[in-house]
Amino acid sequence: MDLFEHQAKELFAKHGVAVPRGRVAWSPEEAEAAAAGLGGTVVVKAQVQVGGRGKAGGIQLAKDPTEAKARAERIIGMDIRGHTVRRVLVEEASEIANEYYLAILHDRASKGYLAMASAEGGMDIEEVAATKPGAIVKVGVNPLVGLRPYHVNQLLYGAGFPPETHKGAAEIVTRLYEVLTAEDCMLVEVNPLVVTSDGQVKALDGKVTLDDSSLYRHPELEEMRDTFAVDPQEQAAKEKGLNYIKLDGWVGIIGNGAGLVMSTLDVVAQVGGKAANFLDIGGGASAETMAAGLEVILSDAKVRSVLVNIFGGITRGDLVAQGVLDALDRLGDKVTVPLVVRLDGTNAEEGRELLAESPSDKVVPAATMLEAARKAVELAGAIPKEGA
Ligand code: GDP
Ligand code: MN
């Protein structure tokens, strides 16, 4: 899970990494108030999880609160490479003398950490890596040894940080390592790390990728997710532990196993339909999982038919059928679209018998995957109207 800049900086500050003072604002009025609270010139920064905000006009200086309000008015609602800006970070402006790059990340190849630094900060680091690979210094850090002063020296001397910046920069590298390890991050990145005209070293930008597998150890970090503008169906699916991805078609898909779901998507496309989602209920799925999955899919107003495609291995066809029936019971009249069900493999026969007894007229059995896809597409009707 990637954090927004303001969240990354909150983590930085918690571990003593120097960052500019700042406040989050969700409206131009809040930005105005934030600027008034900070005093002096501020910088209004779009909060989106994509780089290159500066170039896109998402980062603007404002000399007073009125100007901050006007800047925020322009930035909030802006589209930056497909991401809509919902909030801005209002920060005290920094007078930049020099910009650098710093990052520490997991390096799967060495099964350790990798610290990187460059004096070519502020620029797109991928571009630096492509055009001037020598300008990026990489230092491997063995997690069992931890970050030591000699690693830091290698980084700072190697990247050519001027001597007067070493004390401040070393402090930041050390604290960033603490953020990485204490908060279970996959990546911490600062681009740019700046030296101000009065000699302070601070993190002007911040990127943090948390390790999702460790979120259970950090309930307070999990909360950061709450403020994300996630799709309501994806949120509901996540809460139920389902592997769900929303797409933009109109045939809802449920299958067991990622491979089967992908093939189902292909077959639906082949017969002229378009999948509304990708939902893998996994191996050994129970009636409960099936019901939860159907609920999520049916809550998507674009869905005009659902195709349940199950190949029973560990997953038992009768349990899947029971899940479909449970979901129909639970959802009642909310089920307004046909459910085409294709069961094969373990206990498929028992499953089909259960479904045949269903009083609902929504269940449509199908013998093969192709037939199921044809039925689902046909029952969904013509290509839906815009906004349907
Ligand atoms: P990104 O474009 O999404 O990586 O956003 P950054 O936070 O890295 O900002 C991009 C650039 O905006 C920086 O490299 C700086 O040159 C400039 N910038 C950001 N904050 C300030 C500031 O407080 N003062 C000044 N003068 N420039 C800033
Ligand atoms: Mn940046």
remark   = Nearest 10, in degrees from 0 to 90: the angle of helix 149-159 to the longest Cα principal axis of the chain is 80
task = Return the subset of Lys207/Lys240; Lys14/Lys63; Lys55/Lys207; Lys111/Lys167; Lys111/Lys207; Lys132/Lys207 for which the Cα-Cα distance in this structure is over 26 Å, preserving the input order.
result = Lys207/Lys240; Lys14/Lys63; Lys111/Lys167
request  = State log₁₀ I(q)/I(0) for segment 233-339 at q = 0.13, 0.16, 0.19 Å⁻¹ as given by the Debye formula over alpha-carbon point scatterers of equal weight, solvent excluded.
outcome  = -0.39, -0.61, -0.88
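Would you mind estimating how fast segment 44-203 diffuses translationally, via Stokes-Einstein at 10 °C and 1.306 mPa s with the Kirkwood radius over Cα pairs, in µm²/s?
Using the Kirkwood radius from Cα pairs, D works out to 93 µm²/s.
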ask   = Ignoring ligands, DNA and RNA, what percent of the accessible area of segment 60-172 is carbon or sulfur (1.4 Å)?
value = 51
key: Evaluated over segment 120-192, the Cα radius of gyration and Dmax, each in Å   = 12.7, 34
request  = Mind jotting down a quarter of the surface of the convex hull over the alpha carbons of the chain, in square nanometres, one decimal?
outcome  = 22.7
message = With only alpha-carbon atoms in the gyration tensor, what are the semi-axes of the equivalent ellipsoid for segment 25-71, in Å, largest first?
response = 19, 11, 8
message = Once you compute Rg and the Kirkwood Rh from C-alpha atoms, what is the Rg to Rh ratio for segment 184-251?
response = 1.16
Helix 258-270 vs. the chain, principal-axis angle (Cα, 0 to 90°, nearest 10) = 70
Centroid-to-centroid separation of segment 309-366 and segment 114-137 [C-alpha atoms, Å] = 55
note = Per the helix-only model, the chain has a calculated mean residue ellipticity at 222 nm (DSSP H runs of ≥4, -39500 (n - 2.57) each, divided over all residues, rounded to the nearest 500) of -11000 deg cm²/dmol
request  = Relative to the compact-globule scaling 2.2 N^0.38 Å, provide the ratio for the alpha-carbon radius of gyration of segment 73-115.
outcome  = 1.88
key: Accessible solvent surface per residue of the chain, calculated while the other protein chains remain in place, 1.4 angstrom probe, Å²   = 47
request  = Above 26 angstrom, tally the Cα pairs of segment 24-134 and express them as a % of all pairs, no decimals.
outcome  = 33
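Would you kindly give the portion of the calculated P(r) for segment 276-369 that falls above 22 Å, as a percent of all Cα pairs?
16
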key: Protein accessible area in segment 202-355, 1.4 Å probe - carbon and sulfur %   = 51
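The values are calculated or read from the model by the stated rules, or taken from the named source; none is laboratory data. From a predicted model like this one, the values you see are computed outputs, not experimental measurements. To get the accessible areas, we keep the full protein, side chains included, count just its heavy atoms, and leave off ligands, DNA and RNA. Shrake-Rupley method; radii C 1.70, N 1.55, O 1.52, S 1.80 Å.
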